[in-house]
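The values are calculated or read from the model by the stated rules, or taken from the named source; none is laboratory data. Just so we're clear, the structure is a prediction, and the values are computed from it rather than from any experiment. Cβ atoms come from the backbone with ideal geometry, glycine included; neighbour counts cover every protein chain shown.
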Amino acid sequence: MAVNPQAMKNLLKVYFIMGSTNCHQNPEKVLQAAIQGGVTLFQFREKGAGCLHGKEKESLAKKLQAICKESRIPFIVNDDIELALKINADGVHIGQDDETADTVRRKIGSKILGVSVHSMKEAETAIRQGADYLGIGPIYPTSTKADAKAVQGLSFLTELRSADIKIPIVGIGGITFENASPLIEAGADGVSVISAISQADSPEKAAEKLYDAVNKIMRNA
Ligand SMILES: Cc1ncsc1CCOP(=O)(O)O
Ligand SMILES: C=C1C=NC(C)=NC1=N
Ligand SMILES: [Mg+2]
């Protein structure tokens with residue numbers, strides 16, 4: 001699934017990320033509702049205390065992948081390259097503590113490759129090694145990722161865009177429909193959220209509000 005930068009930017013608009021530990025309701029129901037509400041991309045991120053492993057993890061991945069396929073939403077796997085290849089996911093997302101981007105690119109061919117970066121140097125390396133998009137954050141305070149780095153606000157995003165870096169970028173960390181707009185105005189191509197959707201009473205409504213917030217800015221830009 002080689003994807004050109006403009007198509008990648010469209011996919012990043014409302015990028016929902018979830019694993020079994022992020023939701024109180026049934027993950028399949030939550031994903032169905034989120035897609036109904038208008039999320040544009042999904043990442044399976046089974047990580048942290050109490051997360052699934054092995055066969056159980058693979059089985060949930062396949063169920064969520066099937067739901068994405070029904071709605072033609074690309075299915076991204078976080079960290080686990082082997083799982084992504086085994087189930088023929090549409091892409092992977094890696095951080096700085098995973099294998100290097102060039103090693104992963106060699107393994108996944110033309111699938112989507114996302115890389116988390118926290119500095120200009122990491123961004124330049126990821127771009128050079130063939131990343132399709134960058135994930136930056138945490139933008140705002142979050143309790144979803146226990147070992148999240150320091151909250152960066154819009155500073156790193158502004159630094160990247162001021163350095164004329166054009167690659168598709170998505171922000172992550174504490175994002176809700178109330179605080180999403182400034183991120184888009186500062187040059188992000190989309191917002192990535194876990195709890196704002198996965199822990200909402202109505203994941204569908206939460207996704208809809210995020211979608212509207214992001215598109216309102218883009219229409220006016
Ligand atoms: C995976 C990740 N990386 C930086 S913050 C974060 C967690 C984002 O979760 P939430 O959208 O609930 O703040
Ligand atoms: C840490 C992350 C940062 N950004 C994205 C898009 N996904 C992640 N898992
Ligand atoms: Mg990782």
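From the list LEU210, LEU183, the lone residue that is touching a residue at least 40 places away in the same chain (Cβ under 8 Å) and either among the polar types (S, T, N, Q) or closer than 20 Å to LYS166 by Cα (or both) is LEU183.
Looking at ALA206, ALA213, ALA196, can you tell me which residue is touching a Phe, Trp or Tyr at 6+ places or on another chain (Cβ under 8 Å) and either within 16 Å of ligand 3 (Cβ to nearest atom) or over 27 Å from ASP147 (Cβ atoms) (or both)?
ALA213
Can you tell me which residues in the stretch 157-177 are surrounded by fewer than 20 Cβ atoms within 10 Å (Cβ to Cβ) and at negative phi? Those that are surrounded by fewer than 20 Cβ atoms within 10 Å (Cβ to Cβ) and at negative phi: THR158, GLU159, ARG161, SER162, ALA163, ILE165, LYS166, ILE167, THR176. If you go through the stretch 54-90 and keep only what is under 13 Å from ILE17 (Cβ atoms), outside any loop (DSSP other than H, G, I, E, B) and within 14 Å of ligand 2 (Cβ to nearest atom), you end up with PHE75, ILE76, VAL77, ASN78.
Residues that are part of a helix (DSSP H, G or I), within 16 Å of ligand 3 (Cβ to nearest atom), modelled with pLDDT of 95 or more and buried (at least 20 other Cβ atoms within 10 Å of the Cβ) do occur in the stretch 126-135. The set of residues in the stretch 189-205 being buried (at least 17 other Cβ atoms within 10 Å of the Cβ) and free of Cβ contacts under 8 Å to residues at least 60 places away in the same chain consists of ALA196, ALA200. Within the stretch 164-186, is there a residue that is modelled with pLDDT of 95 or more, within 16 Å of ligand 3 (Cβ to nearest atom) and polar (S, T, N, Q)? No, the conditions are met nowhere in the stretch 164-186.
Taking the criterion of being assigned to a loop (DSSP other than H, G, I, E, B) and either touching a residue at least 12 places away in the same chain (Cβ under 8 Å) or touching a Cys at 6+ places or on another chain (Cβ under 7 Å) (or both), the residues of the stretch 26-53 that qualify are GLY38, VAL39, THR40, ARG45, GLU46, LYS47, GLY48, ALA49, GLY50, CYS51, LEU52. The residue of the stretch 49-88 that is farthest from ALA7 (Cα to Cα), among those that are within 16 Å of ligand 1 (Cβ to nearest atom) and among the β-branched types (Val, Ile, Thr), is VAL77. Looking at LYS149, is it surrounded by fewer than 17 Cβ atoms within 10 Å (Cβ to Cβ), in contact (Cβ under 8 Å) with a residue 24 or more places away in the chain and within 11 Å of ligand 2 (Cβ to nearest atom)? When the stated conditions are applied, LYS149 passes them.
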